[in-house]
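Read-outs throughout are calculated quantities, based only on the coordinates presented, and are distinct from any laboratory measurement. All values reported here derive from a predicted model rather than from experimental measurement. Here the Cβ positions follow ideal geometry from the backbone for every residue, glycine too, while neighbour counts run over all protein chains shown.
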Amino acid sequence: MSFLNKLLGRKEPSAQAKQEPLPCLHVGLVPQWDTAADIGSEALASRFVCSTCSASFTPDEAHALRASEAERLHAVLGN
Ligand SMILES: [Zn+2]
């Protein structure tokens, strides 16, 4: 019986429960352009895509993310 209890009753906590994945900080934003003529100029980028999670941002959002980048890194790293 104790063998069965051990087998069925004791569940190891999953690795996921122990370690929550960190939210993406979107620090690697890559500019993308809709118009070929604009390519190369970040100011004319149509959108920015996170190189880590592939989330897409408007230039305004990308600007806000970059402005708060250091702040957000601090919060996550805890120092
Ligand atoms: Zn991201």
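Annotations for the structure displayed:
- Formal net charge of residues neighbouring Ala55 (Cβ-Cβ distance under 11 Å; K, R +1; D, E -1): 0
- Neighbourhood net charge (14 Å Cβ-Cβ; Lys/Arg +1, Asp/Glu -1) for Ala45: -3
- Shape call, the stretch 25-79: gyration tensor on alpha carbons, a/c limit 1.5: prolate
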